[in-house]
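The values are calculated or read from the model by the stated rules, or taken from the named source; none is laboratory data. Since the structure is predicted, the reported quantities are computational estimates derived from the model, not experimental observations. In this analysis, Cβ positions are derived from the backbone assuming ideal geometry, glycine residues included, and neighbour counts consider all displayed protein chains.
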Amino acid sequence: MITADVAVVGGGVHGASTAFNLAERSVTNVAVFEKSFIGAGATGKSSGLVRFHYTNVQEVTLTWVSYRDWFLVWKERVGGECGLVDHVGMLRIVPEHHVTNLRGALAMMRAVGVDTYEVDAQQVREIEPQLDVSDITVAGFEPQSGYADPSSTAVSLMEAARQRGVRLFQGVEVHGVKVEGGRVVGLETSAGDVSAPVVLVANNAWAPRLLGKLGVDVPISPEWHQVAVFYRPPSVGRHVMCIDSILDMYFRIEGQNMTLLGTGEGKPHADPDSYDSRPTMEFWAEAAEKLTQRMPAMADASAGRGMTGIYDVTPDGKPLLGPVPGIDGLYVQAGFCGTGFKIAPAVGDMMAELITTGKTTLLDWRPLRLTRFAEGEPLMGEFEYLTETGKRKDAWLM
Ligand SMILES: Cc1cc2nc3c(=O)[nH]c(=O)nc-3n(C[C@H](O)[C@H](O)[C@H](O)COP(=O)(O)OP(=O)(O)OC[C@H]3O[C@@H](n4cnc5c(N)ncnc54)[C@H](O)[C@@H]3O)c2cc1C
């Protein structure tokens with residue numbers, strides 16, 4: 001029988017990050033179980049944006065610390081590649097009626113340490129002359145933002161964890177978490193039973209299924225999302241990254257001559273094991289139209305490849321982190337709502353600290369606890385962008 005001090009379910013960027021961080025804290029008898037291969041889930045489909053604009057201090061802190069203390073110093077701290085392309089710059093375009101919340105969010109981000117400031121339409125045009133700014137009044141700009149390679153990030157974290165003694169079992173599916181007398185004792189897997197006093201469930205959109213077998217409610221709804229990549233015409237050069245909630249889209253440069261774009265509401269109740277890997281024709285048309293509206297010279301762009309993937313969406317759009325109440329030794333790290341790649345290094349560090357010491361230093365994990373919805377305490381950002389009916393806007397954002 002496989003025995004471990006900590007068993008991790010899921011070999012995405014989050015499972016890999018916490019496994020690495022446990023090993024860094026001298027917990028090296030760790031076994032990671034991945035039913036496919038490293039990065040096979042959302043990690044391998046991710047658009048990889050590494051940007052800072054959030055409306056709550058928790059996610060700003062996690063993304064800033066991941067950038068400053070991890071992505072920027074990847075080779076020295078982890079080794080291997082994370083593929084960071086930084087200082088692309090990102091414009092966070094919001095409708096005029098969100099200006100108060102934008103200003104609040106920018107001030108909160110600056111207090112955390114992020115270089116970001118408000119710009120008007122004229123300044124947007126100076127930052128990126130290729131944009132049509134006729135409908136823009138205000139935006140936030142963050143010069144440091146860019147993107148990285150999620151699969152390389154996960155692989156290098158896992159490789160560094162393995163060098164420190166962590167064992168990886170790929171192609172091994174976890175069928176159940178074993179509990180005796182109110183505490184975790186191990187796992188049932190396709191490779192046999194595993195004995196472990198601590199289990200971390202980091203299997204993203206699959207977490208409700210696994211923990212549901214124990215009667216644990218994990219409020220994650222898997223949503224299908226689409227991404228289009230266009231070849232830019234020769235007249236369009238490299239450009240700034242945008243999250244644009246006037247036109248409801250995000251886009252960034254990809255490779256030398258391409259632009260990657262995501263837009264639209266996701267399709268709810270998706271099956272993470274079975275979904276169409278190609279965007280629809282309607283999506284391609286919508287993506288092309290919106291991109292051309294914001295960057296008119298893209299009218300001559302041609303369609304490249306398209307991707308799709310699954311977001312693990314929670315009711316308040318924030319992750320689920322921490323122990324599972326009532327079952328000693330069981331932890332969850334999931335529900336990243338299509339924005340979890342960039343925070344994985346800091347979250348892994350925080351979860352490893354929580355598992356080994358029972359506390360967290362970077363920030364209080366409790367506002368992100370699994371039971372916050374049942375307890376009537378969803379985490380709403382101080383500066384959340386809401387629709388007229390009070391719903392979170394931009395739930396599709398990366
Ligand atoms: C289209 C798209 C674009 C995105 N863009 C961005 C972005 O620009 N920036 C950003 O920060 N985030 C982005 N995200 C979100 C980000 O990719 C995810 O939040 C992050 O990758 C989640 O990592 P994870 O390790 O939690 O989950 P996953 O990568 O999904 O890993 C979970 C793993 O668990 C395995 N697994 C499941 N069940 C079992 C089981 N029973 N036994 C064993 N293994 C199991 C799966 O095979 C999978 O590999 C995007 C996501 C998508 C889909």
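Summary of computed values
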{"item": "Search result, residues across region 239-272 that are loosely packed, with under 12 Cβ neighbours inside 10 Å and free of Cβ contacts under 8 Å to residues at least 40 places away in the same chain", "result": "255, 256"}
{"item": "Flag for residue 35 being of a type in the set (D, E, K, R), assigned by TED's automatic domain parsing to the domain that holds residue 366 and more than 14 Å from the chain's Cα centre (by Cα)", "result": "yes"}
{"item": "Residue 125, sole failed condition from (1) crowded, with 21+ Cβ neighbours inside 10 Å; (2) without any contact (Cβ under 8 Å) to a residue 24 or more places away in the chain", "result": "(1)"}
{"item": "Unmet requirement for residue 281, which otherwise passes all of (1) in contact (Cβ under 8 Å) with a residue 12 or more places away in the chain; (2) over 30 Å from residue 59 (Cβ atoms); (3) of a type outside the set (Phe, Trp, Tyr)", "result": "(1)"}
{"item": "Number of the condition not met by residue 94 [criteria: (1) touching a helix residue (DSSP H, G or I) at 6+ places or on another chain (Cβ under 6 Å); (2) without any contact (Cβ under 8 Å) to a residue 24 or more places away in the chain]", "result": "(2)"}
{"item": "Subset of region 197-230 [in contact (Cβ under 8 Å) with a residue 60 or more places away in the chain, assigned to a loop (DSSP other than H, G, I, E, B), away from the ligand (no atom under 14 Å from the Cβ) and not acidic (Asp, Glu)]", "result": "197, 216, 219"}
{"item": "Of residues in region 327-346 being within 10 Å of the ligand (Cβ to nearest atom) and of a type in the set (Val, Ile, Thr), the one nearest to residue 311 (Cα to Cα)", "result": "339"}
